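Just below is one structure, and these are the notes that go with it.
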Amino acid sequence: MINVIRAEMRKLRRPTLLLSTMAIVTLLTVLFTFLTFWRVGNPDGNGRRGEIVTAQFLSTPHGLVYGFNIVAFLLGIVALCIFASQTAQEYTYGTLRNLLVRQPARMKILGGKYISMVLFAILMVLLSLISSIAMAYALAGHAHVNTTSWTTSAGMTALATALGNVLMSVAGFGTVGMILGLLFRSPISAIASGVIWFLILENILAGLVTSTARWLPGQNLTNLTTGQNFTFSYQHSLIVSALYLVGSGAVVALLFKRRDVAN
């Protein structure tokens, strides 16, 4: 499996993929953190879904990671696209057959690819966190935010909690992308179906029938990073997300193991 991980990492560190992805992640994080601090207290809203975030809130231990939490959903969508494309293109380019010649154990190939992509996602999340923290400190003076509590034990706890939750959420979205890639075996179909569902259909369905939100995968994965949905709890989101990922992952893993691979 180590060789599979190394081979996959070689693909993931291509400049066209690595540099472009990290640049997009950095720009998105800087943008959302900038808007939060620059428009602090704006009556038109400066936070998630138009909520008004005050300087008093940003001065709390949770203020340092607020911008990071906002961009978590978009990080998940980026991870979904990367996981889906890197998985499905093995079928599109016909390289999976060559991999199976070198490594017949399909589960080792699947596990190695997944681990390498999770490592890539971790790097992406860490870069986003660093960018958000840097922008928060840079604009704290403009927003009249007191940064003292950010470096306290409570601030470090909030930072570690946010990082862990965002990593779980992003890895969850990435896992969905890999599942879609194995299911559709086409990068375009896998990415399109995932993006359309999470960005459009889920939001429409949750808006029209609010009771469905607690059972939708994207709503629960997103709630892991916010914990502010009063309709369902963080623990509920954790359990539902795990059930979705483990159940669907087991099905597509079985398909991957038994399905014939064409030239």
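Listed values, structure above:
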read-out	value
Residue list for the stretch 131-143, filter: exposed (fewer than 13 other Cβ atoms within 10 Å of the Cβ) and touching a residue at least 12 places away in the same chain (Cβ under 8 Å)	H142
Residues within the stretch 75-113 that are within 26 Å of A192 (Cβ to Cβ) and surrounded by fewer than 15 Cβ atoms within 10 Å (Cβ to Cβ), tallied	5
All positions within the stretch 145-196 that are free of Cβ contacts under 8 Å to residues at least 12 places away in the same chain, polar (S, T, N, Q) and under 15 Å from L126 (Cα atoms)	T161
Residues (surrounded by 12 or more Cβ atoms within 10 Å (Cβ to Cβ) and of a type in the set (F, W, Y)) located in the stretch 229-261	F232, Y234, Y244, F256
The listed residue being modelled with pLDDT of 95 or more, more than 13 Å from the chain's Cα centre (by Cα), more than 20 Å from L17 (Cβ to Cβ) and in a helix (DSSP H, G or I), out of S132, S116	S132
Residue tally, condition of a type outside the set (K, R), assigned to a helix (DSSP H, G or I) and in contact with a helix residue (DSSP H, G or I) (Cβ under 7 Å, 6 or more places away or on another chain), over the stretch 25-54	11
Among the residues listed as A171, A140, A160, A136, the single one being small (G, A, S) and over 20 Å from T225 (Cβ atoms)	A140
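The values are calculated or read from the model by the stated rules, or taken from the named source; none is laboratory data. None of the values given here were measured: they were computed from a predicted structure. FYI the Cβ positions are ideal-geometry reconstructions off the backbone, even for glycines, and counts take in every protein chain you see.
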